[in-house]
Amino acid sequence: MSVWENVIGQKQAVHTLRQATRPGGAMAHAWLLTGPPGSGRSVAAAAFAATLVCETREGCGHCNACRTALAGTHPDVSLVRTDKLSLSKDEVRSLIQVAQRSPGTADWRVIVMEDADRMTEGTFNVLLKSIEEPPPHTVWVLCAPSPQDLAQTIRSRCRVVSLVTPPVEAVADLLVRRDGVEPSAAERAARAAQGHIGLARRYALHPQAWQRREAIVRIPFSVHTAGDAVLRAAQLVDDASLEAGETCDELDAREREDFLRSAGVEGGAIPPALRGQLKTLEDDQKKRRTRTVRDVIDRNLIDLYSVYRDISVTLFGGDVQLVNTQLADEVRSAAERESARSVVAKMEAVQTARERIAGNVPVLLALEALLARNAVS
Ligand SMILES: [Zn+2]
């Protein structure tokens, strides 16, 4: 099976990347893969890296080079992903050292940076030098949501390839083929995830994640009073904190352990000299948790928006598929009750809440205001 098999719904991008790897192709030393969250940036970057080192140069998926490249163990392919909020200068410096070395077995040395947008201004400058004067056999593959997430100086030196949101059918097909999901469940999950591959997989494989989403998308039919709104808003924030905990708790503990071990502290009191560094680590972890909660809430609001969108397309009578097919009855009766103007105002209110939260308005306040505003009488 070709390494490109799981890069779905990206005909144009795949064509460009594969073309470049062929003899006489337009190869570049620095690439920037952009695309919305969940569109498969890192999968595409890994497939590209594997193809560059593949023994057949096609990304056959069978040869040792392809398999080790995808598994992250090929000596000439470095995959950099980070759980931290930003990549440090030291991390980027050590990558640049790797980039200087000639490939050991393959034609190229490939460095894939999955979260290139997580670099600070200073770190960009460190990287810039290596990208400006790349060693002849080195290829950088940077991934970011959009070109604007990278400093202009960097992105002007990269060849940009843009991924698009993959179509629902392609995502559903992938879930069936790769994860063994039953077709109708795959379709439902893909539709609900609106083209986000990782989310679709989670909805299809983890009933709890689907249940959480169900609770969100039923809000437009179940919040009737300001009192309901206050209760639901608090519950949303609690649930988001729980969900963020699932991601952050283990990560925090591991980072703390690694830090103490590398500092030579095995249990017992922390020497005063290390307390400052530990405090910095804890502050970073706290920021990451806050951001994770906000990310979860933002996704909740995107889901909520999708219900108003379904009501609005039903109201306008277009022949458009619903995102929330499981709510078809509720959506239809809401469309009979509501005016177009009122539904559009509710959609706008969701977008306003997202903007306010992104602008650091306390999450709970923004949610209370939104749910009270959109309550159905
Ligand atoms: Zn191969």
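A short reminder: the numbers here are calculations on the coordinates, not readings from a lab. Predicted, not measured: the structure shown is a model, and the values here were computed from it. Note that we place each Cβ from the backbone using ideal geometry, even for glycine, and neighbour counts take in every protein chain shown.
For the stretch 229-377, taking Cα atoms only, Rg and Dmax work out to 21.5, 68 Å respectively.
Note the angle between two axes, namely the Cα long axis of helix 183-193 and the longest principal axis of the Cα atoms of the chain, as a number of degrees from 0 to 90, rounded to the nearest 10. The two axes meet at around 90 degrees.
The lysines whose alpha-carbon is closer than 25 Å to the alpha-carbon of K279, local same-chain residues fewer than 8 away aside, are K84, K89, K287. Between 0 and 90 degrees, the angle of helix 89-100 with respect to the longest Cα principal axis of the chain falls at about 50 degrees.
Please report the net charge: other residues with Cβ closer than 12 Å to the Cβ of A234, K and R +1, D and E -1. Spelling it out: positives minus negatives among the neighbours equals -3. Mean separation of Cα pairs under 8 Å and 6+ residues apart, divided by the residue count of the chain: what relative contact order is that in percent? After rounding, I find 16 percent.
Over the stretch 222-373, what relative contact order in percent results from Cα pairs under 8 Å that are six or more residues apart? Write down the numbers at each step before the final one.
Values: 93 pairs, mean separation 52.2, N = 152.
34 percent.
Taking all Cα pairs closer than 8 Å and separated by 6 or more residues, the relative contact order of the stretch 178-303 comes to 27 percent. Give, as a single signed number, the net charge of other residues whose beta carbon lies under 14 Å from the beta carbon of V320, with Lys and Arg counted +1 and Asp and Glu -1. Every neighbour counted, the sum reads +1.
Just to confirm a number: summing +1 for Lys and Arg and -1 for Asp and Glu over residues other than A244 whose beta-carbon lies under 14 angstrom from that of A244, what do you get?
Values: positive: R212, K286, K287, R288, R289, R291, R294, R299; negative: D83, D238, D239, E243, E246, D249, E250, D252, D295, D298.
It works out to a net charge of -2.
The Rg/Rh ratio for the chain is 1.01, where Rg is the radius of gyration of the alpha carbons and Rh is the Kirkwood radius. Under 15 Å of direct C-alpha separation, and excluding same-chain neighbours fewer than eight residues apart, K11 reaches these aspartates and glutamates: E169. The fewest-to-most ranking of E58, E133, E282 by surrounding Cβ atoms within 10 Å reads E133, E282, E58.
Between the stretch 242-316 and the stretch 321-355, the alpha-carbon centres lie 31 Å apart.
Between the helical axis of 41-53 and the longest alpha-carbon principal axis of the chain there is an angle of about 20 degrees.
Listed from fewest to most Cβ neighbours within 10 Å, the set E348, E266 follows the order E266, E348. The ranking of F48, F124, F316 by Cβ neighbour count inside 10 Å, starting from the fewest, reads F316, F124, F48.
Note that the stretch 11-162, at 4 °C in a medium of 1.567 mPa s, gets a Stokes-Einstein diffusion coefficient of 85 µm²/s from its Kirkwood radius over C-alpha pairs.
The helix-based estimate of mean residue ellipticity at 222 nm for the chain, built from -39,500 (n - 2.57) per DSSP H run of four or more residues and divided by its residue count, is -19500 deg cm²/dmol to the nearest 500.
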